[in-house]
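Some notes on the structure that comes next.
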Amino acid sequence: MQLQRLVVKAEQLQNEHVRLEPSQLHYLQRVLRLSVGDRFIAMDGEGHAWLATLKLPTDSLAQATSIQATILEPITAPTELAVRVTLVAALPKGNGFDEVVRQSTELGVDQLLPVISDRTLLNPSPQKLDRWQRIANEAAEQSERLCVPHITAPISFTAHLQQTCSQTDSRLQKYLCVARGSTPHLLNCLQASMSDASLPQVTIAIGPEGGWTDAEVAAAIDAGYQPVSLGSRILRAVTAPLVALSLIAAVWESER
């Protein structure tokens, strides 16, 4: 039987019990209609999950503030990619990044780095980061992942390139998706990297509406990025991440 998954914080795990937040309790009892004794899966978003069951609190004070769930046993599932994937995405206009977060989480991304490029039109509010993380939690639960992607606060693409210049891990492959030009296809690059005995980390950068500027492409190359193509068609800013991450997932999961 398929069980509902619920992301919990580390501090909610106490001595084989889970102290549920009011919103989580409402979701389990009112939305999913779970009762005392029903089972669900609690996950910490860091690769650990447990089979748990709802139980009554042991005292009136607990009943007023929280309800406990009892952890029955740890569980494992091979739902994570064998390669760590970071998505660097220039923020699209409107609420487009909401869908980028949702889809990339479903496809196994490990980290999301929203950036502000020269052609970015969105100036997100601080509350957006909390919203994006909630969407990632929900998408991880829905897609039965054990890990929830970490989403950083938006920074300029220039600042990101300055940070990434300091990364010297030879296993890290960095690809910059460009819409036009005679660049190799991302699929060919990924398949070539599979010949390396050590699985690399992959960073994939997707531009905004209108794409990266020539100056941004040049700066990215100087920072170690390899320009790649996603095909002969021009993709929307919210479609390109889906295509790129699907290719990455397909290449590594076909090697299992």
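Structure data summary
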{"item": "Residues of the stretch 1-41 that turn out to be closer than 16 Å to Glu141 by Cα, in a strand (DSSP E or B) and open to solvent by less than 60 Å² (accessible area, probe 1.4 Å), as a count", "result": "5"}
{"item": "Which listed residue is touching a strand residue (DSSP E or B) at 6+ places or on another chain (Cβ under 9 Å), more than 20 Å from Arg5 (Cβ to Cβ), free of Cβ contacts under 8 Å to residues at least 40 places away in the same chain and not small (Gly, Ala, Ser), from Lys128, Lys174", "result": "Lys128"}
{"item": "Test: residue in the stretch 235-255 that is within 12 Å of Leu176 (Cβ to Cβ) and in a loop (DSSP other than H, G, I, E, B)", "result": "no"}
{"item": "Any hit, the stretch 196-211, residues being at pLDDT below 95, more than 15 Å from the chain's Cα centre (by Cα) and of a type in the set (S, T, N, Q)", "result": "yes"}
{"item": "Near pairs, Cβ below 9 angstrom, 6+ apart or cross-chain, from the stretch 179-207 (over 28 Å from Arg119 (Cα atoms) and open to solvent by 60 Å² or more (accessible area, probe 1.4 Å)) to any residue that is of a type in the set (Gly, Ala, Ser) and at pLDDT 80 or above", "result": "Leu199/Ala82; Leu199/Ser193"}
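The values are calculated or read from the model by the stated rules, or taken from the named source; none is laboratory data. Because the structure is predicted, anything quoted here is derived from the model rather than measured. Heads up, the Cβs are rebuilt from the backbone with ideal geometry, glycines too, and the neighbour counts pull from every protein chain shown. Surface areas here come from the heavy atoms of the whole protein model, side chains and all, with no ligands, DNA or RNA. Shrake-Rupley method; radii C 1.70, N 1.55, O 1.52, S 1.80 Å.
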